[in-house]
Number of protein chains: 4
Amino acid sequence: MSKLTTVSHKDDTRSWRERWYEIIFEADTPAGKLFDVLLLIAILLSVLVVMCESVEAIREEYPKLLVRAEWFFTLLFTCEYAMRIVCARRPMRYIFSFYGIVDLLAILPTYIIALPFFEGGRSAQRLAVIRAIRLLRAFRIFKLAHMLSEATALRQAIWSARAKIAVFLSSVLIAVVIVGSAMHLIEGGRENSEGQPIHGFDSIPESMYWAIVTMTTVGYGDVSPTTALGKALAACMMILGYCMIIVPTGIVSAELAHAGRKGLTTQVCPECMAEGHDSDATHCKYCGGKL
Amino acid sequence: MSKLTTVSHKDDTRSWRERWYEIIFEADTPAGKLFDVLLLIAILLSVLVVMCESVEAIREEYPKLLVRAEWFFTLLFTCEYAMRIVCARRPMRYIFSFYGIVDLLAILPTYIIALPFFEGGRSAQRLAVIRAIRLLRAFRIFKLAHMLSEATALRQAIWSARAKIAVFLSSVLIAVVIVGSAMHLIEGGRENSEGQPIHGFDSIPESMYWAIVTMTTVGYGDVSPTTALGKALAACMMILGYCMIIVPTGIVSAELAHAGRKGLTTQVCPECMAEGHDSDATHCKYCGGKL
Amino acid sequence: MSKLTTVSHKDDTRSWRERWYEIIFEADTPAGKLFDVLLLIAILLSVLVVMCESVEAIREEYPKLLVRAEWFFTLLFTCEYAMRIVCARRPMRYIFSFYGIVDLLAILPTYIIALPFFEGGRSAQRLAVIRAIRLLRAFRIFKLAHMLSEATALRQAIWSARAKIAVFLSSVLIAVVIVGSAMHLIEGGRENSEGQPIHGFDSIPESMYWAIVTMTTVGYGDVSPTTALGKALAACMMILGYCMIIVPTGIVSAELAHAGRKGLTTQVCPECMAEGHDSDATHCKYCGGKL
Amino acid sequence: MSKLTTVSHKDDTRSWRERWYEIIFEADTPAGKLFDVLLLIAILLSVLVVMCESVEAIREEYPKLLVRAEWFFTLLFTCEYAMRIVCARRPMRYIFSFYGIVDLLAILPTYIIALPFFEGGRSAQRLAVIRAIRLLRAFRIFKLAHMLSEATALRQAIWSARAKIAVFLSSVLIAVVIVGSAMHLIEGGRENSEGQPIHGFDSIPESMYWAIVTMTTVGYGDVSPTTALGKALAACMMILGYCMIIVPTGIVSAELAHAGRKGLTTQVCPECMAEGHDSDATHCKYCGGKL
C-alpha cells in the first residue's frame, strides 16, 4: 500500500514537472504560448526599466519606482530560472547551455550591486564598476532568443554559406586595410587653409575606421577626404562598397532558394534510412530502393 | 401598370447605382479607368496644395487661391465620399473599412477648422491644434491605396514571410539594445578637448538612436563615437548592419520565387499523373495527354 | 551598256553605304568593333575636356588647348552624325530616334555658342545662358547608350516588373509625404538652446527632402531631428527604409530568375509553332505534339 | 653502388621538395592546414605591427619592439618566399604570377628602407618616400589571397555576369556625369546668407564626387545642395540610387542560382537517360539504376 502511494506520489511529481516542462520549454500548448507571451512582455518591460534608469530626468523623478520595478523583474526572472532548473530533464546541461547562462546573467547584476561590498564609500572607480554592472542588465534582451525558434532555417542557410561569407568578409578586410593605408599616405598630415591640422587620417587604424564608415555606406561625415586624389580614391571605394553588397545577398539568396528546394524533401528511404530526397524522386538516390 | 412603372423605376435605380459602382469601385471599364486617373490627379493636386500652404513664401503671396483650391478639393472628395456610400452594396461595411475611414479623414479636417469654435480668439494652443488638424489633410495621400491593386502578390509574399521578418526585426532590436548600452557605457559622459561635454550617448535611448542610425547605414553624423574603443565597436556594428540587410532580402527573394513557382503549378495530368505544369498549359508536357 | 554602268554604279553606292552601315551601326564585324572602341574613347575624352573646362585652374592654364580639343571632337562627332544619316536605311527615322537626337545634341552646343548672337556684349544673363549651353555638352555621355546592347535582358526584366516597381515607388511616396508632414508638425519652428531657430523642417517640402534623405539611407546630416519624439519617428523610418529595399530587390531577382528559366526554352513546336516550352518538356504544352 | 646512392639521393631530394610542396601550396593534408593557419596568423600580426607603427603614441613608446617585430616578420616571409621558389614545380611561373609578386612585395619594402641610400641626410622629400615605402608593407594583407580558394564559385559568377555589371557601371557613370553637370549649373557659384561662397559644386569633377557620395547612399554631408531645385534633383537622384542597387543584386542572384543549379547536374542515368541528379547521388532518382 505504501509502495503504491510512493509510486503515485512519484508519478505526481514527475507529471507535475513534465507539465511545467511543457509550459516553460515548449510553445505548442495554449499554456506554453501564454507563458511565452507573458515572458516576452516581462523582458521588454524590464529592458524598458533599465533604459528609463539611464535617462537622468526620469531617474531623478521616479527613483523609488524604478528600484522597485527592478527588484520585481529580478525576482520574477529568478523564479523562472529556478523553475527551469527544476523542470529541465538534464539540469546541468541547461545551466551551462547558452540560454542557461543568459538567464543567469539576466538576474545576477541586481544581486551583485546589492552586495555589502558595493554599499561602502562610493569612489569614482567603484561607481564606474557599478554602472557597468547595471548596464549588463540590458543584456536581458538576449532572453528573447528563447522565442526565436523560427530562426532555425535562417541559421542553417547562413551556416551553410559560412565559407563564402568568410571569403566576403576577408575581401572587405583586405580592401579596408589597403584603402586605409593609401588614404593615410594621401591625406595624413594635411592642414586646412588656416594652417590647422585636419585630423581623421593621422594613423592607419583611424583611416581604416573612415574606410569602414565609407564602404558600408554609413558615411558620418566626421572624417572626409579633402584632397582631389583622396576624393577620387574615396569615390572608387564607395562604388566598390555599393557593388560589394550584392555578393553576400546573392549568396544567401541562392542558399535560401536551395534550402527551400531541399526543404520540400521529407521522405526517408525505407531501405537505407537516408534523408534529403528531392520531392520528385521515386527512388532513393543513395541505394536505389523504392521510396 | 403602376406596378410595372415601379419595377422599371426600381430597375433604373439599381442599374444607375450599379453603373456608378462599376465606375467608382472597379477599374476594368474605360469609365472606371478614367475615374481612377482623374481621382489620382485630384489627390496629387490636393496634396500639392497642402504642401504649398506649409511654405511661408507661397502662403503669403496667394492666400485666397490656396483657400479656394482647398475648398474645391474638399467638396470634390465630399461628393466622391457621398457617391461611394450611396453606391456601395453594403454602405456600413464601406464606412468602417480602411478605405472608408481614409476617405472620411481626407475631408474632415477642412470642415473642423471651419467650425465656429475655431473662429474666436486665436490663442497659441488653439493655433497648434489647428495646425495639427490642417496637416492631417496630407494623409489624403493614403487615398492612393485605392489604386494599389497590384500590391496583392507583394503583400502575400511579405505576409507569408512574416515569421522570418519578425525574427529579423527581433535580431535588429537585440543588437540595437546591446550596442546602445555598450556605447552608453563607453562614450557616455565624455568631454572634448576644451572640457565641454559631448552629448549623444547620455542615456540608453539616445545611444539606441545612434545605433539605429548607424546600423541602417543612414549615418547622419550628428552623433559619432570619439574614443578608440567606441570607434572599433561602431566599425563592427556597421559591418554587421551592412551584412544583415542580406538576410531579409534573401528571405523575400526566396518567398517571391517560391510564390512564382507555385503560381505555375496546379494541375495534375489525368493520364500520367505528372504535376508541375505551367498555368497556361493545355497538354501534359511529359506524355502529351489533354489536361 | 550605259544602263549596266548605272546599275553597277548603283550597286557600288549601295554596297559602299551598306559596308559603312555595318561598321557604324553594327558591332559584329572587326571593323564595327574597332569603330565602337574608337567612338567610346572619343566620347570619354570629349567629356573629360568638358570636365576640365569647368575647373577654373585648368581653364586658365590651357585656354587654347581646350578650345581646340573641343572643336576637334565637335567636328569628329559632326562627321559621325553625317555618316549615320547618309548610311541609315531610313534617315528620318534615325534623326528622330532617341539616338539621333542624342547625337545631334552632342554637337549642337558648340555651334550655338559660336553664333554671332553670343559674340556681342557679355551681360551676366547672356553668360549664364552660355554656361548652361556649354554644360549641355556633358550630355554627350549619353552617346554611350549606343554600346549598351547588353542591357536588353535587364530592360525587359525591369519593364515586366514595372507595375510592381510603380507600387513600390507609390509606397515610398506615401511614406515620404506622411512622415514629412508629421516631422514638420513635430520639429517645425523649434529653437536651439541659444534661442536661434533650427531650420530644416520649416515646410512640408523641406521635411519631405529630409524624409527622402533618411529613407534612402543617404543621411547627409545637414538636417536631423532634435526632439525625442522626432528621433523616435526618424528611427522607425530608418528601419522602414532599411527593410523596404528588400522589396524591389526580391521582385527584380524573381523576374530575372524567371527570365533565366524562360530563357532556357529555345524549341518551337513543329505542329502549332508555339514557343516558350520548358527545357525538360518532350511534348508541346499547347497542342500535345511531340517536340 | 654510387649510382644507386645518387638515385636514392635524388629521390630523397624530390620527395623532400614534393612533401614541402604539399605543405606550402596545398591545404588538404593536416601539415598543409597547419601551415596555412600559421601563415594567416603571421600575416595578420605583421599587418598589425605596420598599423601600430603608424600610431604616433605607440611608435614613440615601443620603438625598438616594433623594429624587431618588423624584421622578424620580414625574415619569416623571406624564408617562405625562398621555400616557395625552391618547391614550386615551375619557379619562374610562380615568381611572375600574381601571388609571387605579392609575396615579393611583402618583403621588399623593409629591405629597401634599410639600404644605405636612405641612411643619409633626411630631407623632407626623402622622408615622404620612406613613408610611402613603409606603408606599402600593409599590402602584405594581399597574401591572404592564398587562402581564398573558396572564392572560385563567386569569381565565376561575377565573371559570367561581367557584361551586365559593365552595363550597370556604365549607367551609374552616365547618371553621375549628367547629374554632376546639372548640379554644377544649379548650385555652382552660390553664396550663403553672409555673402561667403559655398564650395562643393565649383567644378564638374567636384559635383561628380558629390553625385557619387549621394548615389551610393554614403552621404557624408560635407557637400549638400542648398537651393530648392538642387534639393529636388538630389532627392530624385537618391531614389534612383536606392532603386539602382537592386539591379546588380538581381543579376548576381540569378547568376549564382543558375550556377548552383548547374553545379548539381552533371550525370546522365545510363538506364533511363534522365538528367538532373544531385552531385551526391549514386542512383538515378527516377528509375533507381546505378549512376
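Among the residues making up segment C:169-218, none is among the basic types (Lys, Arg) and touching a Leu at 6+ places or on another chain (Cβ under 7 Å). Looking at segment C:242-251, is at least one residue within 12 Å of chain D (Cβ to nearest Cβ), in contact with a Cys (Cβ under 9 Å, 6 or more places away or on another chain) and modelled with pLDDT under 75? Yes: segment C:242-251 contains one or more residues that are within 12 Å of chain D (Cβ to nearest Cβ), in contact with a Cys (Cβ under 9 Å, 6 or more places away or on another chain) and modelled with pLDDT under 75.
Taking every residue in segment B:218-232 that is under 22 Å from C:Ser224 (Cα atoms) and pairing it with any residue that is in a loop (DSSP other than H, G, I, E, B) and basic (Lys, Arg), at least 6 positions away or on another chain, the pairs with Cβ-Cβ distances below 7 Å are B:Thr226/B:Arg190.
With the condition kept exactly as written, say whether any residue in segment B:72-81 is loosely packed, with under 12 Cβ neighbours inside 10 Å, in the same structural domain as B:Pro109 (by TED's automatic domain parsing) and modelled with pLDDT of 90 or more.
Residues of segment B:72-81 that are loosely packed, with under 12 Cβ neighbours inside 10 Å, as a first pass: B:79.
Now drop any that are not in the same structural domain as B:Pro109 (by TED's automatic domain parsing), which leaves B:79.
Right, trim to modelled with pLDDT of 90 or more and you get B:79.
Within segment B:72-81, one or more residues are loosely packed, with under 12 Cβ neighbours inside 10 Å, in the same structural domain as B:Pro109 (by TED's automatic domain parsing) and modelled with pLDDT of 90 or more.
So that you can scan it fast, the table gives a plain yes or no per residue for (1) surrounded by 15 or more Cβ atoms within 10 Å (Cβ to Cβ); (2) among the charged types (D, E, K, R); (3) closer than 20 Å to D:Ile204 by Cβ; (4) not assigned by TED's automatic domain parsing to the domain that holds C:Arg134:
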residue: C:Glu22; (1), (2), (3), (4): yes, yes, no, no
residue: C:Gly32; (1), (2), (3), (4): yes, no, no, no
residue: C:Ala42; (1), (2), (3), (4): yes, no, yes, no
residue: C:Ser46; (1), (2), (3), (4): yes, no, yes, no
residue: C:Val49; (1), (2), (3), (4): yes, no, yes, no
residue: C:Val55; (1), (2), (3), (4): yes, no, yes, no
residue: C:Tyr62; (1), (2), (3), (4): no, no, yes, no
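In the set (1) more than 10 Å from chain B (Cβ to nearest Cβ); (2) assigned to a helix (DSSP H, G or I); (3) surrounded by fewer than 18 Cβ atoms within 10 Å (Cβ to Cβ), the condition left unmet by C:Ile158 is number (3).
Does B:Leu40 qualify as being modelled with pLDDT of 90 or more, assigned to a helix (DSSP H, G or I) and hydrophobic (A, V, I, L, M, F, W, C)? Answer is no for this residue. In segment B:186-223, of all residues being acidic (Asp, Glu) and in a loop (DSSP other than H, G, I, E, B), the one that is farthest from the other protein chains (Cβ to nearest Cβ) corresponds to B:Glu194. Residues in segment C:173-182: is at least one more than 7 Å from chain B (Cβ to nearest Cβ) and more than 27 Å from D:Met215 (Cα to Cα)? Within segment C:173-182 (the criterion being more than 7 Å from chain B (Cβ to nearest Cβ) and more than 27 Å from D:Met215 (Cα to Cα)), the answer is no, since none of the residues qualifies. Residue pairs whose Cβ atoms lie under 6 Å apart, separated by 6 or more positions or on different chains, with the first residue in segment A:26-43 and farther than 16 Å from A:Cys79 by Cα and the second of a type in the set (A, V, I, L, M) and buried (at least 16 other Cβ atoms within 10 Å of the Cβ), are A:Ala31/A:Ile23; A:Gly32/A:Ile23; A:Lys33/A:Ala27.
The residues in segment C:224-237 that are under 20 Å from C:Pro197 (Cβ atoms) and either at pLDDT 90 or above or within 7 Å of chain D (Cβ to nearest Cβ) (or both) can be counted, and the count is 4.
With respect to D:Leu45, determine if the residue is within 21 Å of D:Tyr111 (Cα to Cα) and within 14 Å of chain A (Cβ to nearest Cβ). The answer is yes for D:Leu45.
Results for (1) within 17 Å of B:Cys236 (Cβ to Cβ); (2) free of Cβ contacts under 8 Å to residues at least 24 places away in the same chain; (3) crowded, with 23+ Cβ neighbours inside 10 Å; (4) out of contact with any Gly (no Cβ under 9 Å at 6 or more places or on another chain), shown as yes or no for each residue.
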site	(1), (2), (3), (4)
A:Leu173	yes, yes, no, yes
A:Val176	yes, no, yes, yes
A:Val179	no, no, yes, yes
A:Glu191	no, yes, no, yes
A:Asp202	no, yes, no, no
A:Trp210	yes, no, yes, no
A:Val213	yes, yes, yes, no
A:Thr216	yes, no, yes, no
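Can B:Glu206 be described as farther than 22 Å from C:Ala235 by Cβ and at pLDDT 65 or above? Judged against the criteria, B:Glu206 is not a match.
The values are calculated or read from the model by the stated rules, or taken from the named source; none is laboratory data. Since the structure is predicted, the reported quantities are computational estimates derived from the model, not experimental observations. Positions of Cβ are generated from backbone atoms using ideal geometry, with glycine treated the same way; all protein chains shown enter the neighbour counts.
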